[in-house]
Amino acid sequence: MARTPRKGEVWLIDPDPLEGRELRGPHYYIVLTEEALNLALGVAICCPISTGANARGVTVVVDGGSTLKGTVNGVVLCHQVRALDLTERRAKFIILAESHLIDEVVMTLVDIIDPQ
């Protein structure tokens, strides 16, 4: 059995099948929910990381200082948040994100949902 994903982990996930303008193909995703909730629900709330998008106000930059080893770069697409079953999608753990990246993604999601 695969382990339960934890908040702040980056996983490689293939989210297909999708529809319309949703991000297609394998991408890195950052997990935003705590391990206990992911275990209870059987899914993790995640946002994809892309290298080919930059929509102001709904993305967060991922650079060399955003993960523990600096190996993931791009932007978190906060407007494409999803609940994904990482076990069924055969996701692969990649790396742990730095806390400042997780905080910025969560704050951006809150701003998208409830702009002040």
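Scanning segment 99-116 for residues that are among the acidic types (Asp, Glu) and surrounded by 15 or more Cβ atoms within 10 Å (Cβ to Cβ) gives a single hit, GLU104.
For segment 44-55, state whether one or more residues are surrounded by 13 or more Cβ atoms within 10 Å (Cβ to Cβ), small (Gly, Ala, Ser), out of contact with any Ser or Thr (no Cβ under 7 Å at 6 or more places or on another chain) and more than 19 Å from LEU84 (Cβ to Cβ). No, there is no match, as no residue in segment 44-55 is surrounded by 13 or more Cβ atoms within 10 Å (Cβ to Cβ), small (Gly, Ala, Ser), out of contact with any Ser or Thr (no Cβ under 7 Å at 6 or more places or on another chain) and more than 19 Å from LEU84 (Cβ to Cβ). Each residue in segment 70-85 was checked for being over 15 Å from ILE49 (Cβ atoms) and either under 12 Å from the mean Cα position of the chain (by Cα) or exposed (fewer than 13 other Cβ atoms within 10 Å of the Cβ) (or both), and 1 of them qualify.
Here is the figure for segment 23-53: residues that are within 19 Å of THR108 (Cβ to Cβ) and over 14 Å from the mean Cα position of the chain (by Cα) total 2.
Whenever a residue of segment 76-90 is in contact (Cβ under 8 Å) with a residue 60 or more places away in the chain, it has no partner that is of a type in the set (Phe, Trp, Tyr) and loosely packed, with under 15 Cβ neighbours inside 10 Å lying with C-beta atoms less than 6 angstrom away and at least six residues away or across chains.
Scanning segment 38-75 for residues that are of a type in the set (A, V, I, L, M, F, W, C) and free of Cβ contacts under 8 Å to residues at least 24 places away in the same chain yields ALA40, VAL61.
Looking at the structure I just gave you, is ASN38 out of contact with any helix residue (DSSP H, G or I) (no Cβ under 6 Å at 6 or more places or on another chain), crowded, with 20+ Cβ neighbours inside 10 Å and not hydroxyl-bearing (Ser, Thr, Tyr)? Spelling it out, ASN38 is indeed out of contact with any helix residue (DSSP H, G or I) (no Cβ under 6 Å at 6 or more places or on another chain), crowded, with 20+ Cβ neighbours inside 10 Å and not hydroxyl-bearing (Ser, Thr, Tyr).
Values in this text are rule-based calculations from the coordinates and carry no lab data. Quick caveat, the model's predicted, so the values are computed rather than measured. So basically every Cβ, Gly included, is an ideal-geometry build from the backbone, and we count neighbours across all protein chains shown.
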